[in-house]
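Note sheet for the following structure.
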Amino acid sequence: MLEWSMIAVGVMLCVALVLNLWRLLIGPHVVDRILALDTMYINSIALILLYGMYSGTQLYFEAALLIAMLGFVSSVAFGKYLLRGDIIE
């Protein structure tokens, strides 16, 4: 039963990633695109963690942590670029 639940959640996360990709490409404003990219990071982290639980290895948890750190840094850089127009002062 738990295995089928993990597969169902994986399918839902893949659908969420596709919808985020659609918002990233079609989004009317730059802010919508940045939020879609940030949400894609979160969904990809959840998908990697789910696969790590499904396969029973801890290697994927470290990969999810690295993606989370890169996602945070890129979100801060995008926000700073939108506010000031320059990333490095």
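Read-outs throughout are calculated quantities, based only on the coordinates presented, and are distinct from any laboratory measurement. Remember, predicted model here, so these are calculated numbers, not experimental data. A quick note on method: Cβ atoms are made from the backbone with ideal geometry, for glycine too, and the neighbour counts reach across all protein chains shown.
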For residue 11, are the conditions met, namely being assigned to a helix (DSSP H, G or I) and closer than 22 Å to residue 70 by Cα?
-> no
Being among the hydrophobic types (A, V, I, L, M, F, W, C), surrounded by fewer than 16 Cβ atoms within 10 Å (Cβ to Cβ) and within 19 Å of residue 21 (Cβ to Cβ), is that true of even one residue in segment 69-86?
-> yes
Of the residues that make up segment 17-33, is at least one of a type in the set (Gly, Ala, Ser) and part of a helix (DSSP H, G or I)?
-> no
Which of the residues that make up segment 1-59 are farther than 30 Å from residue 85 by Cβ and of a type in the set (Phe, Trp, Tyr)?
-> 4, 51, 54
Counting just the residues of segment 16-48 that are crowded, with 17+ Cβ neighbours inside 10 Å, free of Cβ contacts under 8 Å to residues at least 24 places away in the same chain and among the aliphatic types (A, V, I, L, M), which one comes out nearest to residue 79 (Cα to Cα)?
-> 35
